[in-house]
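Just so it is clear, none of the values below were taken in a lab; they were calculated from the coordinates. In this text the structure is predicted, and so the values were computed from the model without any measurement. Glycine also receives a Cβ, built like all others from the backbone with ideal geometry; neighbour counts cover every protein chain displayed.
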Amino acid sequence: MTIRILVIPASVRQGSLNLRLARNAIRLARDAGIDAIEMDLRSLALPIYDGDLEAAEGVPAGALTLLQAVREADGILVVTPEYNGFPTPLLINAFDWLSRIEASDAHPAGLAITANKPAALLSASPGAGGALRSMNFVRQYLQMAFAMIVVPQQFALGKAHEAFDADGALIDARAVKSVSGVVAALARLAEALRPRN
């Protein structure tokens with residue numbers, strides 16, 4: 001049975017370097033026989049998390065869409081830029097809403113579907129550090145708040161504004177190898193943790 005990974009770009013703005021990196025990861029995963037699906041967080045149309053809003057209106061439909069996508073995936077690949085040293089509000093807000101979903105007859109709780117879910121991290125930035133600070137924050141966030149198992153392998157793409165060709169493909173073979181290595185590590189962990197029938 002094919003491994004399925006959900007690839008979540010933490011930035012989806014036009015020209016996003018992290019969206020380009022995410023789509024390279026998707027192509028490399030598919031070339032390796034992995035089913036890779038892109039999640040557009042912006043399309044979920046999630047309002048900024050507000051406890052009063054949640055109490056009045058409940059959890060937005062977009063959060064349930066995210067829950068279902070995470071639930072169906074064997075592993076999660078997050079690709080994040082760095083905003084003042086931190087990941088994007090788009091990413092954090094989506095996972096904040098996910099954490100608020102309670103169990104029902106239709107689905108388990110949000111924190112139940114993330115617990116022990118394999119994850120991996122990529123990042124990109126025009127700076128030399130490649131958004132490493134943000135990526136390490138996301139590692140801590142996913143592990144501590146969501147009980148996800150994040151593989152040690154990660155890759156921060158520095159000078160990312162120079163890293164892609166006109167078609168959006170990575171130019172440097174070492175970068176391609178690094179991204180492939182992270183994807184492969186995630187797939188191996190997902191395979192190892194997949195329930196056996």
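Data table
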read-out: Share of pairwise Cα separations in the stretch 118-197, more than 17 Å, in percent; value: 52 percent
read-out: Label-reachable residues, the stretch 118-152, where backbone N falls under 13 Å from a point 7 Å from residue 109's Cα toward its Cβ; value: 146-147
read-out: Fluctuation leader among 18, 84, 136 - the chain, Gaussian network, Cα springs under 10 angstrom; value: 84
read-out: Simple Cβ-charge dipole of the chain, Lys/Arg +1 and Asp/Glu -1, about Cα centre, in debye nearest 20; value: 720 debye
read-out: DSSP H segments from the chain that extend 27 Å or more along their own axis, Cα-based, with Kyte-Doolittle mean of -1.0 or above; value: 173-193
read-out: Label-zone membership for the stretch 83-105, site residue 53, 7 angstrom Cα→C-beta point, backbone N under 15 Å; value: 89-101
read-out: Extended-chain gain in nm, criterion 0.36 nm per residue less alpha-carbon gap, residue 128 and residue 144; value: 3.0 nm
read-out: Debye equation applied to the C-alpha atoms of the stretch 19-120, log10 I(q)/I(0) at 0.12 Å⁻¹; value: -0.44
read-out: Rough spin-label spacing in nm, given labels placed 7 Å along Cα→Cβ, for residue 174 and residue 68; value: 4.4 nm
read-out: Value at 222 nm in deg cm²/dmol, rounded to 500, when DSSP H runs of n ≥ 4 in the chain each add -39,500 (n - 2.57); value: -13500 deg cm²/dmol
read-out: Volume per residue that the Cα convex hull of the chain spans, once the total is divided by residue count, Å³; value: 114 Å³
read-out: Computed label-point distance, nm, for sites residue 27 and residue 166 using a 7 Å Cα→Cβ extension; value: 1.5 nm
